[in-house]
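The values are calculated or read from the model by the stated rules, or taken from the named source; none is laboratory data. Here the structure is a predicted model, which is why all the values come from computation and not from measurement. All Cβ positions, even for glycine, are placed from backbone atoms using ideal geometry, and neighbour counts span all protein chains on display. Just the protein is used for accessible areas: all its heavy atoms, side chains included, with ligands, DNA and RNA removed. Shrake-Rupley method; radii C 1.70, N 1.55, O 1.52, S 1.80 Å.
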Amino acid sequence: MGKIVGGFMMPHDPTVFINPKKLDNSHLMDAYAEIRRRIVALGATSAVIVGADHYILFTPKCLPQILICLGELNGPVDQLPGLPGRPIPHNAALAGYIFDHAQDVGFDLAVARSLGVDHAIGAPAHLCLPEDGSVKTVAVYMASGVAPYLRLRRAHAFGAMVKAAVEAANDEERVVVLGSGGISHWVGTGEMGRTNPAFDRMVLDAIVAGDADSLLALTDEEILREGGNGAMEIRHFLAVMGAMPGGSGEVIAYDAWEGAVTGLGFAQMRPAA
């Protein structure tokens, strides 16, 4: 049987890589590298990366609530400095097993046979996983970028379903679950560039405490007001927490960096002992 060995949360803010203000971003790149180091130390063999589309893959006419890719991955298609578009080692067998398990337990997923991913998947895949391809990716997109949004509880339940699928698999997979997204940020609005560190700290404190309930209690209206439309991506963090019930977390780094448009939080989630 397989095992969930850890979880991580990290941002995918494109301005970190574009760096239009030419500020020192080395501490942020160090945080990505630290996550990579920890994933290697855990002996992970695969990573389920949960991200959001930004109207790059899916148009307003096609908005899947949860989509899993069963085949080849490459990208990011929206190439950014330091993130060259190239094939991403993928685990088709594990993706297929998760999909089959989801079907068996009544968890309907949309499917892609292959994907050119955007930065939501591309950033963590290239920066947080070993360059030698030893940790293979399963890519998942959730409806957290634009309305209609996936329900918070459904995102959390997805993580629990992934845990059950991994543990029921015949392969001895050591899986990490990565939640890719910013915390507070306002996208495409007059408030773009604003962050709310108080909201960010509340989210990170909940991760440290393993307190999914406090995040699940939030309404979309509260998230939009306090964290902006970009903060709807905390669904990805809840998926990680759902995969590690009773676990606890650690903040690796946080910065409401002047060069970005996002509250940038990096965290690790550990399974319950």
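Per residue of the chain, what 222 nm ellipticity follows from adding -39500 (n - 2.57) for every DSSP H run with n ≥ 4, rounded to the nearest 500?
-10500 deg cm²/dmol
For GLY6, the residues whose modelled amide H falls within less than 5 Å of its own, excluding neighbours fewer than 5 places apart on the same chain, are VAL177. Where the accessible area of region 133-255 is counted over protein heavy atoms with a 1.4 Å probe, how much of it, in %, is carbon and sulfur? The nonpolar share, carbon plus sulfur, comes to 51 percent.
The length gained on full extension between ASN74 and GLU172, counted as 0.36 nm times the residue separation minus their Cα-Cα distance, comes to 32.7 nm. Using the Cα coordinates of region 74-205, the gyration tensor eigenvalues translate into equivalent-ellipsoid semi-axes of 26, 21, 15 Å, sorted from longest to shortest.
Restricting the trypsin sites (Lys or Arg not before Pro) of region 37-131 to loop positions (DSSP other than H, G, I, E, B) with no more than 12 neighbouring Cβ atoms within 10 Å leaves LYS61, ARG113. Remark: C-alpha extents of region 8-119 on the principal axes read 49, 39, 22 Å, sorted largest to smallest.
Where both bridge residues fall in region 3-270, DSSP classifies roughly 40% of the beta bridges as antiparallel. Taken over the chain, the ratio of Cα radius of gyration to 2.2 N^0.38 Å equals 0.90. For region 209-273, the solvent-accessible area works out to 34 Å² per residue, with a probe of 1.4 Å and every protein chain left in place. Take every Cα pair under 8 Å whose residues are at least 6 apart in sequence, average their separation, divide by the length of the chain, and the relative contact order is 31 percent. The stretch between GLU191 and GLU221 holds 9.2 nm of extra length on full extension. This uses 0.36 nm per residue minus the Cα-Cα distance. If R0 is taken as 41 Å, the Cβ-Cβ distance between ALA93 and LYS21 corresponds to a FRET efficiency of 0.40.
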